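K.L.:
First the structure, which I've put down as structure tokens, then a few questions once you've had a look.
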Amino acid sequence: MAKIDVKRQAEVLAFLQSGAAYKSSGPVVHIETHGAHVFLCGKEAFKIKRDARYVYMDLSTPDLRRALLQRELALNRATAPMIYRDVVPITRTQDGGLALNGAGPPVEWVLRMHRFPAACEMTALAAAGGLSDAVAADLGQVIAHFHAACPPRPEAGDALMADILDELAHELRGFAASLGAKLVETFLTRAGQALTTLGPHLRARATQGHVRRVHGDLHLRNLVLYRGKPVLFDALEFDERLGTCDVLYDLAFLLMDLCHRGLGRAANAVLNAYLLAAGGGQDSGLSALALFISVRAAIRAMVSMQTAQAIGQTLTPEARQYLTQAVTALDPHQPSLTAIGGLSGTGKTVLAQELALHLAPCPGAVHLRTDTERKAGGAQTAVSYAPAARRAIYDQMLDRARAVLAAGHSVILDATFLDDIPRTAAQDLARHLNLPFAGLWLTAPDAVLVARVTARRHDASDADEAVVRRQLALGSSAAAGWATIDASGSPQATYAKARAALTDRCVTR
């Protein structure tokens, strides 16, 4: 349980609330968390650490609070230099009052930041419906590139997770009367069993360099859209061990948060963009994603309760929702393989994106597309559609599908599938893994196909009218057992037909 001293910071809080510390004028907004007080005034943002002591974080002296503010500054300047300024003292004046960065003795320490517009906060953007597929994809790429630059650490992945579960057991059992003892114990039992099963895999990922000093607190509130690009800030600073983890555990915090907010589409786009940017190097790690998401949800339940305690409240309904999410994330499920084929312009990618986010559990299926696999590694020029090149890309896509499916995650393949060989290979892959398979073949009139590829902008596909004409001249029909879908109408109509076809046929092994 936390030890919190509200009285010792009362004078400092009143000073920061008064507005006397700021160069800006206007109202002062005070935001409280379990570990900090944040004050916003005009274009300025000030943060002090809360006088508190938790099992995992000691903020009980000014020197400890100063050290953590300085660490926070050092960590975040790398990703958000446009936000973070400096750490300065609140000092005692000769008349007994307080001043910011004065000549008197320090009584508290403040992290000064540049305030960004509230509309740029990812939470505000999401609430306003502005978390588009493009923004979510950019976010996934930014995080993947950030992780690639993070320093690897020689820590055992399973031991790190075991420490977190031990801490959660201690804290959540302390809140069992509010959260529900049965719910707490169900989570701890399921998570413990999952960790036991995944232990060797997590240790192997650590030896492969996937355990790094990462952000550590990567949820929507710690992201901002700055000049059209996602920016990470407010990295976890109070414990180097907690800030060191499997990169997918870091990503899982954001995925969990998006799913919790009902933003499954964005979660799916983030996941797929991240995996694509990682070049397939994280595909096998998806076997641990359910555990990672579960633990992240449980941490939010714990923090929600701690924050409520810090401000004098008791149970928050959201804390129980988080813990319920933590339990359901570990529900067993069977992965499946779905292949979507058809000529260029039939709308395969639009349908695949829609189907992917609806394949439980959140964040949905991994969407593998030949057009993006062709450009893995950042190629920006047109690529070859010659038979040998096509076969190599299909092999690459199916290799990734094999790794993702083996990790227990569903896959949607998005390709023309004009030849029998890749169609048969996709079905054989599902059969070999003893997993359900469904094939969808999209059709549309020639004029519709030409109009769609001609209208494309900023798409990974290089198919143009000439490519479509060549495909039409060759001719192709659906593989045996694949459902034929008229995709000449709206994306919504195509999706409805596809779902109906999948429901009617279920899925075949």
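A quick yes/no check of all residues on (1) under 18 Å from Leu276 (Cα atoms); (2) part of a helix (DSSP H, G or I); (3) touching a helix residue (DSSP H, G or I) at 6+ places or on another chain (Cβ under 7 Å); (4) of a type outside the set (D, E, K, R):
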position	(1), (2), (3), (4)
Gln325	no, yes, yes, yes
Gln334	no, no, no, yes
Ala352	yes, yes, no, yes
His367	yes, no, yes, yes
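K.L.:
Within the group Val231, Val303, Val224, Val295, which residue is assigned to a helix (DSSP H, G or I), under 27 Å from Phe46 (Cα atoms) and either out of contact with any Asp or Glu (no Cβ under 7 Å at 6 or more places or on another chain) or not small (Gly, Ala, Ser) (or both)?
P.N.:
Only one candidate passes the filter, namely Val303.
Results for (1) under 21 Å from Thr33 (Cα atoms); (2) in contact with a Leu (Cβ under 7 Å, 6 or more places away or on another chain); (3) polar (S, T, N, Q); (4) at pLDDT below 95, shown as yes or no for each residue.
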position: Gly129; (1), (2), (3), (4): no, no, no, yes
position: Ala149; (1), (2), (3), (4): no, no, no, no
position: Gly157; (1), (2), (3), (4): no, yes, no, no
position: Gly192; (1), (2), (3), (4): no, yes, no, no
position: Gln208; (1), (2), (3), (4): no, no, yes, no
position: Val214; (1), (2), (3), (4): no, no, no, no
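K.L.:
May I pose another question? From the list Arg115, Arg153, exactly one residue is touching a Gly at 6+ places or on another chain (Cβ under 8 Å) and basic (Lys, Arg). Which is it?
P.N.:
Residue meeting the stated conditions: Arg115.
K.L.:
Those residues that are assigned to a helix (DSSP H, G or I), of a type in the set (A, V, I, L, M, F, W, C) and either more than 24 Å from the chain's Cα centre (by Cα) or surrounded by fewer than 21 Cβ atoms within 10 Å (Cβ to Cβ) (or both), I need them from the stretch 173-193; list them, please.
P.N.:
Ala176, Ala177, Leu179, Ala181, Leu183, Val184, Leu188
K.L.:
Another question, then. Condition test on Leu289, is it of a type outside the set (S, T, N, Q), open to solvent by less than 10 Å² (accessible area, probe 1.4 Å), in a helix (DSSP H, G or I) and in contact with a strand residue (DSSP E or B) (Cβ under 9 Å, 6 or more places away or on another chain)?
P.N.:
For Leu289, the condition - of a type outside the set (S, T, N, Q), open to solvent by less than 10 Å² (accessible area, probe 1.4 Å), in a helix (DSSP H, G or I) and in contact with a strand residue (DSSP E or B) (Cβ under 9 Å, 6 or more places away or on another chain) - is not met.
K.L.:
If you don't mind, another one. Identify all residues within the stretch 236-265 that are open to solvent by 10 Å² or more (accessible area, probe 1.4 Å) and not acidic (Asp, Glu); write none if there are none.
P.N.:
Of everything in the stretch 236-265, those that are open to solvent by 10 Å² or more (accessible area, probe 1.4 Å) and not acidic (Asp, Glu) turn out to be Leu236, Phe238, Arg241, Leu242, Cys259, His260, Arg261, Gly262, Leu263, Gly264, Arg265.
K.L.:
Pick from Gly312, Gly264, Gly285, Gly281: which is free of Cβ contacts under 8 Å to residues at least 12 places away in the same chain and within 19 Å of the chain's Cα centre (by Cα)?
P.N.:
Of Gly312, Gly264, Gly285, Gly281, the one residue that is free of Cβ contacts under 8 Å to residues at least 12 places away in the same chain and within 19 Å of the chain's Cα centre (by Cα) is Gly281.
K.L.:
Mind telling me which of the residues Ala127, Ala78 ends up being under 16 Å from His215 (Cα atoms), hydrophobic (A, V, I, L, M, F, W, C) and without any contact (Cβ under 8 Å) to a residue 12 or more places away in the chain?
P.N.:
Ala78
K.L.:
Report every pair of residues separated by at least 6 positions or lying on different chains whose Cβ atoms are under 6 Å apart, first residue within the stretch 12-38 and free of Cβ contacts under 8 Å to residues at least 24 places away in the same chain and open to solvent by less than 60 Å² (accessible area, probe 1.4 Å), second of a type in the set (Lys, Arg) and not in a helix (DSSP H, G or I).
P.N.:
Close Cβ pairs (under 6 Å, with a partner that is of a type in the set (Lys, Arg) and not in a helix (DSSP H, G or I)) amount to Ser24/Lys43; Ala36/Lys47; Ala36/Lys49; Ala36/Arg50; Val38/Lys47.
K.L.:
Output the residues belonging to the stretch 405-442 that are more than 27 Å from Asp331 (Cα to Cα), open to solvent by 20 Å² or more (accessible area, probe 1.4 Å) and over 30 Å from the mean Cα position of the chain (by Cα).
P.N.:
Answer for the stretch 405-442, where residues must be more than 27 Å from Asp331 (Cα to Cα), open to solvent by 20 Å² or more (accessible area, probe 1.4 Å) and over 30 Å from the mean Cα position of the chain (by Cα): Leu418, Asp419, Asp420, Ile421, Thr424, Ala425, Asp428.
K.L.:
Suppose we filter the stretch 79-100 for residues that are part of a loop (DSSP other than H, G, I, E, B) and in contact with a Lys or Arg (Cβ under 9 Å, 6 or more places away or on another chain); how many remain?
P.N.:
Of the residues in the stretch 79-100, 2 are part of a loop (DSSP other than H, G, I, E, B) and in contact with a Lys or Arg (Cβ under 9 Å, 6 or more places away or on another chain).
K.L.:
Which of the residues spanning the stretch 115-124 are out of contact with any helix residue (DSSP H, G or I) (no Cβ under 7 Å at 6 or more places or on another chain) and either at pLDDT 95 or above or among the charged types (D, E, K, R) (or both)?
P.N.:
Residues satisfying the conditions are Arg115, Glu121.
The values are calculated or read from the model by the stated rules, or taken from the named source; none is laboratory data. Since we're looking at a predicted model, the values are computed, not measured. Please note: Cβ atoms are built from the backbone with ideal geometry, for glycine as well, and neighbour counts cover all protein chains shown. When the accessible area is computed, the model is the full protein with side chains, heavy atoms only, and any ligands, DNA or RNA have been set aside. Shrake-Rupley method; radii C 1.70, N 1.55, O 1.52, S 1.80 Å.
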